[in-house]
1. What length, rounded to one decimal in nm, is gained on full extension from residue 94 through to residue 112, with 0.36 nm per residue of separation minus their alpha-carbon distance?
2. Grab the Cα-Cα distance for residue 48 and residue 143, subtract it from 0.36 nm times how many residues apart they are, and report the gain in nm with one decimal.
3. Under a crude label model (7 Å from the Cα following the beta-carbon direction), how far is residue 178 from residue 351 in nanometres?
4. Take the solvent-accessible surface of the protein heavy atoms, probe 1.4 Å, and return the percent of it on the stretch 29-187 that carbon and sulfur atoms account for.
5. At what distance in nm do the modelled label points of residue 289 and residue 407 sit from each other, each positioned 7 Å from its Cα along Cα→Cβ?
6. At 1.4 Å probe size, with every protein chain present, just tell me what the per residue accessible area of the stretch 28-133 comes to in Å².
7. Which residues' amide hydrogens lie under 5 Å from the amide hydrogen of residue 41, considering only partners 5 or more residues apart or on another chain, with H built in the peptide plane?
8. Can you compute the FRET efficiency between residue 296 and residue 261 using 1/(1 + (r/R0)^6), with r the Cβ-Cβ distance and R0 = 30 Å? Round to the nearest 0.05.
Amino acid sequence: MSARYSLGEPIAALATPHGQSALCILRLSGEGICASAHQFFSAASRLSPQGMTYGYFLDEEGRAMDEVMVASFPCPRSYTGEDVLEIYAHGNMYLARSLLDRLFRLGYRAALPGEFTYRAVLLGKMDMIKAEAVHELICAHSSAGMDHALSRLRGDLSHLLQPIYQRLLEISSFLRMHLDYPEDEIEALPYFDLSLEKERLENLLHHSRNLERWTDGAVVVIAGSPNVGKSSLFNLLLQQDRALVSDVAGTTRDYLEADIQLGGFPIRLIDTAGLHASEDKIEALGIQKSVDLLHKADLIIHVTDIRGEGNLPELAAHQEKVLRVMNKTDLGDAPAGYLAISVLRHQGIEELRQHILAMLDFQAVGQGNEALMLGSVRQKKLCADALEYLCAFMDIQEQGDLDAMAFHMQQAGTALADLLGKNLHDEVNAAMFSGFCLGK
């Protein structure tokens with residue numbers, strides 16, 4: 001992180017969104033700020049640890065600037081591990097800026113993005129996985145995404161990874177002793193069975209394959225020829241009229257996008273221009289955008305009707321992710337291989353929703369600890385790195401190459417240390433010397 005992030009000096013920031021509201025919250029953190037709160041708070045002498053105190057926020061002359069409530073969290077029982085104060089003021093942005101300016105004149109610094117959580121990590125209040133989960137919970141697009149972020153914030157993922165990390169740490173320290181003190185009487189090098197750790201990392205990566213689908217939403221593109229009911233289906237799934245619907249072919253000339261939830265799962269639903277040859281330059285641009293979106297889609301709903309041509313050359317390269325839907329079946333029967341729906345009569349729509357969820361395979365994630373997911377691309381890469389080096393260690397162990405074993409074990413441990421926000425080198429040293437006799 002940037003050197004501007006630091007510990008100790010008092011920081012302050014608005015913890016609620018900008019804009020007029022009933023209340024706003026100012027969050028403060030730093031060494032000894034509870035003891036110095038009398039500089040701006042009329043009831044500082046009555047501050048209750050882990051409680052709320054009523055009083056006035058004061059200017060330099062001791063005059064009231066606002067009627068406030070202050071929550072006090074003395075260290076170490078606070079979010080950051082330092083003294084923390086939260087000031088509940090009235091939600092006027094001019095007033096909020098005035099209160100912050102007063103704090104800045106007292107020596108507080110404007111907090112940088114994420115600095116409160118940064119301090120919490122450095123002071124051991126949470127690990128990196130929990131810190132990232134804070135942001136994920138704030139940005140989640142669905143109830144399922146919030147559940148998984150909250151699971152990581154509770155520490156479920158950390159509890160899964162910690163024993164694996166501890167095992168690699170112990171092996172690293174043992175190998176280090178054998179390399180550094182080969183002539184000392186150290187117990188013989190055993191065979192390290194890491195099959196369980198390998199299996200757990202593999203399962204974790206397997207269940208995390210839908211990472212982007214959980215965070216940003218699965219991309220579902222509605223495609224087809226003009227005037228087959230794509231926009232009507234888009235509006236129906238969205239449950240509001242966003243797309244212009246007309247009997248005139250080529251009404252949709254650009255794509256429309258909306259976030260929806262199906263069964264609690266996040267989906268980015270996209271309505272596209274009808275796929276056909278067009279001499280209209282504007283319409284042709286929209287059609288090309290539709291073709292480009294097919295490559296990015298997790299699922300393509302190919303909509304046709306009983307009067308239209310079912311095959312589109314643009315979909316030939318994407319058949320494994322195409323759900324073929326026959327609309328307007330109120331006018332006739334759908335052929336084999338098509339899901340029959342009638343947007344006009346709302347027929348077959350619930351079955352369509354279930355097919356969408358089944359093809360996106362959200363349910364494969366499952367429930368419970370066996371289905372924990374990594375919450376960011378960073379976490380996924382570090383876990384994959386740890387697994388790669390762990391597998392290499394297991395292969396080399398059969399050859400008995402101690403130097404290579406130590407290298408690959410250290411690399412695997414470093415990846416998990418970075419994942420959890422730990423320092424492997426320091427912990428290996430501590431683990432190694434903790435085995436020395438007292439007084440050595």
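The values are calculated or read from the model by the stated rules, or taken from the named source; none is laboratory data. Source: prediction; values computed, not measured. Every residue, glycine among them, receives a Cβ derived from its backbone with ideal geometry; neighbour counts consider all protein chains shown. Protein only, heavy atoms only, side chains kept; ligands, DNA and RNA dropped before computing areas. Shrake-Rupley method; radii C 1.70, N 1.55, O 1.52, S 1.80 Å.
1. On the way: separation 18, 0.36 × 18 = 6.48 nm, distance 2.05 nm.
Gain on stretching residue 94 to residue 112: 4.4 nm.
2. Working: separation 95, 0.36 × 95 = 34.20 nm, distance 3.57 nm.
Full-extension gain reported as 30.6 nm.
3. In this crude label model, residue 178 to residue 351 measures out at 6.3 nm.
4. On the way: 4210 of 7750 Å².
Within the stretch 29-187, the accessible surface is 54 percent carbon and sulfur.
5. Using points 7 Å along Cα→Cβ, the separation is 5.2 nm.
6. Values: 4860 Å² over 106 residues.
Per residue, the stretch 28-133 has an accessible area of 46 Å².
7. 58
8. Working: r = 20 Å, r/R0 = 0.67.
The computed FRET efficiency comes out at 0.90.
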